[in-house]
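Each remark here refers to the structure printed beneath this line.
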Amino acid sequence: MNNRIIEIRNKIDEIDKEIFDLIEKRAKLVIEIAKIKKEESLPEEDLNREKEIFAKINGYINTKISKEYLNKIYKNIILFCKKVAY
């Protein structure tokens, strides 16, 4: 196989690992928040917070990748973290 392709794929693998590590860190923080919410009898979902998150990430997007697809990816990350926490 082409050495350049191998080199680029190795970089992709490194990025995938970083993404995984960050999602795992995010999930752990969501679990901490879930514990606090349970202790204080707060609702599990905070739709205003989710709106804030999407507003922030939409402000970060300056790429050719569609905002729609990035929002779907992030929505799945949020759903995953909620399932892990609750």
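A short reminder: the numbers here are calculations on the coordinates, not readings from a lab. Note that the structure is a prediction, hence the values are computed from the model and not measured. Note that we place each Cβ from the backbone using ideal geometry, even for glycine, and neighbour counts take in every protein chain shown.
Couple of notes before you dig in:
- Computed over the chain, relative contact order equals 45 percent, with contacts defined as Cα pairs under 8 Å that lie 6+ residues apart.
- Histogrammed with a bin width of 10 Å, the alpha carbon distances of the chain distribute as 14, 36, 30, 14, 5, 1 percent, first bin at zero.
- Of 11/83; 28/72; 35/72, pairs whose Cα-Cα distance is over 23 Å: 11/83; 35/72
- Gain in span if fully extended, residue 41 to residue 56, counting 0.36 nm per residue against the direct Cα distance: 2.7 nm
- Sorting 40, 18 by the number of Cβ atoms found within 10 Å of their own Cβ, with the fewest placed first, yields 40, 18.
- Evaluating 6.51 cos²θ - 1.76 cosθ + 1.60 at θ = phi - 60° for every residue in region 2-8, the Karplus couplings come out as 4, 4, 5, 4, 4, 4, 5 Hz, glycine and proline recorded as x.
- Residue of 50, 39, 24 that the Gaussian network model of the chain assigns the largest fluctuation, springs spanning Cα pairs under 10 Å: 39
- 13 Å beta-carbon shell around residue 55, net charge (K/R +1, D/E -1): +2
- Calculated from backbone phi, Karplus (6.51, -1.76, 1.60) coupling profile of region 15-22 in Hz, x at Gly/Pro: 5, 4, 5, 4, 4, 4, 4, 5
- The sum of -39500 (n - 2.57) across all DSSP H runs of n ≥ 4, divided by the residue count of the chain, sets its helix-only mean residue ellipticity at 222 nm to -28500 deg cm²/dmol.
- A simple rule links phi to the HN-Hα coupling: the Karplus curve 6.51 cos²θ - 1.76 cosθ + 1.60 with θ = phi - 60°, which for region 56-62 gives 5, 5, 5, x, 7, 6, 9 Hz, with x for Gly and Pro.
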